[in-house]
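Notes follow the structure.
Computed from the coordinates by the stated procedures, all read-outs in this text should not be read as laboratory data. Worth saying up front: this structure is predicted, and the values here are computed from it rather than measured. Using ideal geometry, Cβ is built from the backbone for each residue, glycine included, and neighbour counts are taken over all protein chains shown.
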Amino acid sequence: MPALYVLKVPEFRPLIACAERDPRLRTTDCGNYVRIDGDPELTIARSATGMGEALWFGSLVGGIEGRISEFDAEVIRLRADDAGVPTGDE
Amino acid sequence: MANESLPGPSGPRLAGVDHVAFATWKPVETVNFYRDVMGLRLIHAISAKGWGRTDHPDFLHFFFDTGQGSTIAFFYYVGTKPREDMAGPRGYLGMARHLAWIAESEADLLAWHRRLETQGVSVSEVVEHEALKSIYFRDPNGYPLEITWKARTLTAADAEDAALTIAAMIDTFGGGSGERTIEDMWRRKGEKVRAQAAQAK
């Protein structure tokens, strides 16, 4: 299932808080990061975070598991790895 | 950014910026902008008969105080033809090489924004980045400038995260970017973060 790691720093706190409020997402403490899991997909709307665009576009800097289905100014949508498609980096 | 909780460099240290220097073919506009519009102190000016070389033009070199012992300096090469490409390309590459000064507080950053706007300078809105808030504008030569306020101090966690990002970048793009994407790099970073978390358990 797709996951997103978010560094625990003040500017990304709105992203973590948004995930904590969202019943479709699960958050887990993970050292310097909070891991956000979605099942079967992970969707976060920028409007739900209150984040400005400059920061929003850096939201995946902590690393991801799965694939990006959509990432624009309004929404991040991650899905599980495509079954049977080699990624070349595993 | 200085951080006392991180180990310092092992060799000789740098103590900050002395000056940054640019060429100008608009000396009057440049002085008006830095001295009058921005209100920086003109603290030093040199003028010279070339440097004793036949191909080196006579020049002026003048310095404005930008705080903490740093200056911005300009060369005006007398009798040379303007180079329109000195400010660099337009678009996203035009901002890649730029100069960012420190505002000591968010109030100072907003005061700079008001001052520049009042003086008729085209200035961006305040942009919030990771750990920084910034405004962007250009001088009369077209050189891209930024004033930034550090919204927080960087920590050991920022440095550890940076090390993982750069390791993922090298893994992903080290052999040339080819078909690799930023998504590939974020996936690699995710693997590294997961591995580190598993090790810490």
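Hey, does region A:78-89 have a residue that's among the small types (Gly, Ala, Ser), within 11 Å of chain B (Cβ to nearest Cβ) and farther than 29 Å from B:Leu154 by Cβ?
Yes, region A:78-89 has at least one match.
Does region A:50-66 contain at least one residue that is of a type in the set (A, V, I, L, M, F, W, C), within 13 Å of chain B (Cβ to nearest Cβ) and surrounded by fewer than 17 Cβ atoms within 10 Å (Cβ to Cβ)?
yes
Just the residues that are within 14 Å of chain B (Cβ to nearest Cβ) and in contact (Cβ under 8 Å) with a residue 40 or more places away in the chain, please, taken from region A:37-49.
A:Gly38, A:Leu42
Of all residues in region B:87-112, which are in contact (Cβ under 8 Å) with a residue 24 or more places away in the chain, away from chain A (no Cβ under 14 Å) and over 22 Å from B:Gly39 (Cβ atoms)?
Scanning region B:87-112 gives B:Ala87, B:Gly88, B:Gly94, B:Arg97.
Test of understanding: among B:Ala197, B:Ala168, B:Ala131, which residue is within 12 Å of chain A (Cβ to nearest Cβ) and over 24 Å from A:Trp56 (Cα atoms)?
Sole residue among the options that is within 12 Å of chain A (Cβ to nearest Cβ) and over 24 Å from A:Trp56 (Cα atoms): B:Ala197.
Looking for something surrounded by fewer than 16 Cβ atoms within 10 Å (Cβ to Cβ), without any contact (Cβ under 8 Å) to a residue 40 or more places away in the chain and within 9 Å of chain A (Cβ to nearest Cβ) - is there at least one such residue anywhere in region B:113-123?
Within region B:113-123 (the criterion being surrounded by fewer than 16 Cβ atoms within 10 Å (Cβ to Cβ), without any contact (Cβ under 8 Å) to a residue 40 or more places away in the chain and within 9 Å of chain A (Cβ to nearest Cβ)), the answer is no, since none of the residues qualifies.
Please enumerate the residues belonging to region A:33-56 that are more than 21 Å from B:Glu128 (Cβ to Cβ) and not in a strand (DSSP E or B).
A:Asp39, A:Pro40, A:Glu41
Are any of the residues in region B:147-157 over 30 Å from B:Arg35 (Cβ atoms), among the aliphatic types (A, V, I, L, M) and loosely packed, with under 14 Cβ neighbours inside 10 Å?
Taking every residue of region B:147-157 in turn, at least one turns out to be over 30 Å from B:Arg35 (Cβ atoms), among the aliphatic types (A, V, I, L, M) and loosely packed, with under 14 Cβ neighbours inside 10 Å.
In region A:1-32, which residues are part of a strand (DSSP E or B), among the aliphatic types (A, V, I, L, M), within 22 Å of A:Arg79 (Cβ to Cβ) and within 13 Å of chain B (Cβ to nearest Cβ)?
Within region A:1-32, A:Ala3, A:Leu4, A:Val6 qualify.
Report the residue count in region B:43-87 for those that are out of contact with any His (no Cβ under 9 Å at 6 or more places or on another chain), surrounded by 11 or more Cβ atoms within 10 Å (Cβ to Cβ) and hydroxyl-bearing (Ser, Thr, Tyr).
Count: 1.
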